[in-house]
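In what follows, a structure is listed as structure tokens, so that the remarks can point back to it.
What follows draws every value from the coordinates through simple rules; no lab data is involved. Quantities reported herein were computed from a predicted structural model and do not represent experimental measurements. Glycine also receives a Cβ, built like all others from the backbone with ideal geometry; neighbour counts cover every protein chain displayed.
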Amino acid sequence: MHRRRLEDRYGRVATDLRVSLTDRCNLRCSYCMPAEGLDWLPDDSVLTDDEVVRLVRVGVELLGVEEVRFTGGEPLVRRGLVDIVRRTHALGVETSLTTNALGLARTATALAEAGLDRVNVSLDSIRPESFAAITRRDRLPDVLAGLAAARDAGLGPVKVNAVLMRGINDDQAPELLRWAIGEGYELRFIEQMPLDAQHGWSRDGMVTADEIFTALESEFVLKPADEPRGSAPAELFLVDGGPATVGVIASVTRPFCGDCDRVRLTADGQIRNCLFAREESDLRAALRGGASDEEIADRWVTAMAGKRAGHGIDDPTFLQPDRPMSAIGG
Ligand code: SAM
Ligand code: SF4
């Protein structure tokens, strides 16, 4: 029995921990970061493998965390990834990875053997030109090979996350779905959020969930899947009667903040109670200052209590967080 929970003042309890293992990345998706990259975190501010595992253990053993997803930046560029996964799996929680899949063809088997349960791969287009236009790198074949390796290693169901950008790939929703169904991947579209480092997001520029439905329904019959949505952000639909499904994550136009069960740990050891939080809580300082597990847990509980009711993107007073998505951990 856990003595404490990561509960906020609205009664939401966080059990899903997103751990960013690095803010670095080998792609430059335009909705995420500028072409020249960012000022990366200095090495000594990034948690060591032992520090990551200790904080995850505190979350699991003292605070009721049930599921751990590793992300970034690009988590596959973190050297200790397989070992971190192995040690997290040994804590008895579900583990998953959100990745751009570059290099996954080489590591999928090792990750599966270390106990990784699932992967989510981000892929916005299966056309080489559009892929290169969005990510600013000509690496589509590596991503496709990584996806196939994940499926073959049993890291399924393999989910594919796609962001549509107006004038670039917004005409490709049906094509992506047809491809994903053929390959046995579960496709989910994600509305673009104001989390890019360049602050270039605009509501008009964003392709909305309604537009995505319209595009998909030109070729497919979508019917809401029976599965209860719970805290899962994707609205799930059966495609042409099933069993294939497609998900739409309408973070902006249909926020699901009321059901949120997430908490985030950045690569430099900060707890963020929301993607859009404007405050962070410094667990790295506590850890390196000699705090006990109980003291770290106390600080974490306090950090959660202040979680706001919603992201407030529609409020006139909305302010984009200082950290971009790549440094928060998406
Ligand atoms: N590099 C890995 C990847 O791309 O999967 C993990 C980190 S990435 C920040 C996590 C997810 O955030 C990806 O699916 C990406 O498409 C998504 N993402 C990044 N910037 C976004 C934005 N502004 N709006 C919506 N999703 C975004
Ligand atoms: Fe890298 Fe992921 Fe951001 Fe793309 S979305 S630049 S792959 S961190």
For region 233-309 and region 312-329, compute the distance between their C-alpha centroids and round to whole Å.
14
With a ≥ b ≥ c the root eigenvalues of the C-alpha gyration tensor of region 221-330, is it rounded (a/c under 1.5), prolate (a/b larger than b/c) or oblate?
prolate
Test of understanding: ordering D23, D314, D44 by Cβ neighbours within 10 Å, fewest first, what list do you get?
D44, D314, D23
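What ranking do H311, H89 get, fewest neighbouring Cβ atoms within 10 angstrom at the top?
On the way: H311 21, H89 16.
With the sparsest Cβ surroundings first, the list reads H89, H311.
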Backbone N under 15 Å from the S218 label point (7 Å along Cα→Cβ), restricted to region 131-173
165-173
Taking the simple approach of a point 7 Å from Cα along Cα-to-Cβ for both R278 and R203, what is their distance in nm?
1.8
Once both labels are modelled 7 Å past Cα along the beta-carbon direction, what's the E183-H89 spacing in nm?
2.3
Please report K307, K223, K159 as a ranked list, fewest other C-beta atoms within 10 angstrom at the top and most at the bottom.
K223, K159, K307
Taking the reciprocal of mean 1/r across every pair of different Cα atoms in region 6-328, the Kirkwood radius in Å is 20.1
Separation in nanometres of the label points that stand 7 Å from Cα toward Cβ, at A285 and E61
2.6
Could you compute the FRET efficiency for D226 and D293, with r as their C-beta to C-beta distance and R0 at 51 Å, rounded to 0.05?
0.80
Kindly express, to the nearest 10 degrees and within the range 0 to 90, the angle between helix 293-305's C-alpha long axis and the longest C-alpha principal axis of the chain.
50
Let me know the whole percent of all Cα-Cα pairs from region 131-237 that are separated by more than 18 Å.
57
In degrees rounded to 10, the 0-90 angle between helix 49-63 Cα long axis and the longest Cα principal axis of the chain is 80
Expressed as a whole number of Å, what is the distance separating the alpha-carbon centroids of region 182-213 and region 64-113?
25
Compare the Cα positions of T245, G258, N273 along the charge dipole of region 216-330 (+1 at Cβ of Lys, Arg; -1 at Cβ of Asp, Glu; about the Cα centre) and return the one farthest towards the positive end.
N273
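Shape call for region 162-289 from the C-alpha gyration tensor, a ≥ b ≥ c root eigenvalues: rounded (a/c under 1.5), prolate (a/b greater than b/c) or oblate?
It is prolate, given that a/c is not under 1.5 and a/b is the larger ratio.
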Given the peptides 193-204, 318-329, 133-144, arrange them by the average over their residues of other C-beta atoms within 10 Å, most packed first.
318-329, 133-144, 193-204
